[in-house]
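K.L.:
The structure follows.
The values are calculated or read from the model by the stated rules, or taken from the named source; none is laboratory data. On a predicted model such as this, the values are computed, not experimentally measured, just so you know. Cβ placement follows ideal geometry from the backbone for every residue including glycine, while neighbour counts extend to all protein chains displayed. We work out accessible area using only protein heavy atoms, side chains counted, and drop any ligands, DNA or RNA first. Shrake-Rupley method; radii C 1.70, N 1.55, O 1.52, S 1.80 Å.
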Amino acid sequence: MTRAVSLRQRAFAMLVAACLAVTVGPLAAHDFRLGPLRIDHPYATPTPTGAVNGAAYLRSIRNTGDAPDRLIGASTPVARTVEIHRSVVDATQVMRMRAIDCIDLPPKVELQLRHGGEVHLMLIDLKRPLTEGDRFPLTLQFQKAGEREVTVWVQKPRGSASPHAAAEHKH
């Protein structure tokens with residue numbers, strides 16, 4: 001009798017685990033869709049206490065459609081405003097960040113907006129520090145596809161050499 005109960009308990013536990021995997025799995029997914037646009041892994045880097053600005057990134061954004069689109073803006077409740085920034089090297093070989101109006105998304109092209117890359121989303125006038133493990137909503141605005149809210153995960157970038165790597169991102 002004990003063996004039969006034990007087998008039933010194990011079978012029940014496996015069934016519960018399978019159900020959780022099916023229902024929780026999609027919630028844990030970290031990619032988002034909006035029509036032909038695929039937004040993969042939105043993330044932000046932790047900020048030191050007292051930082052007024054932060055940055056958000058996208059592992060990639062892919063336009064699977066046949067028509068071009070543009071990322072024209074973003075907003076989040078964790079910052080007063082969000083700007084699209086591009087890193088440019090000036091004539092004196094100094095890296096500078098400049099706000100730009102949009103990011104072109106040509107058809108059938110995948111772009112990366114990663115930490116250390118050329119383009120990112122600047123979170124200006126943070127309402128609180130961004131702490132590793134936090135999540136927050138970010139609404140992306142596209143010229144043709146419209147708006148899509150995504151969830152941004154706060155994490156240290158891969159290959160971060162020091163625990164203060166995020167603090168090295170200055171504006």
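K.L.:
Among P26, P42, P36, P77, which is modelled with pLDDT of 95 or more and open to solvent by 60 Å² or more (accessible area, probe 1.4 Å)? Steps first, answer last, please.
P.N.:
Working: P26 fails: modelled with pLDDT of 95 or more; P42 fails: open to solvent by 60 Å² or more (accessible area, probe 1.4 Å); P36 fails: open to solvent by 60 Å² or more (accessible area, probe 1.4 Å).
Selected residue: P77, the only one of P26, P42, P36, P77 that is modelled with pLDDT of 95 or more and open to solvent by 60 Å² or more (accessible area, probe 1.4 Å).
K.L.:
Restricting the first residue to the range 52-80 and requiring it to be farther than 19 Å from I100 by Cβ, which pairs with a second residue that is among the aromatic types (F, W, Y) meet a Cβ separation below 8 Å and a spacing of at least six or different chains?
P.N.:
From residues that are farther than 19 Å from I100 by Cβ, the pairs are R59/Y43; P77/F136; V78/F136.
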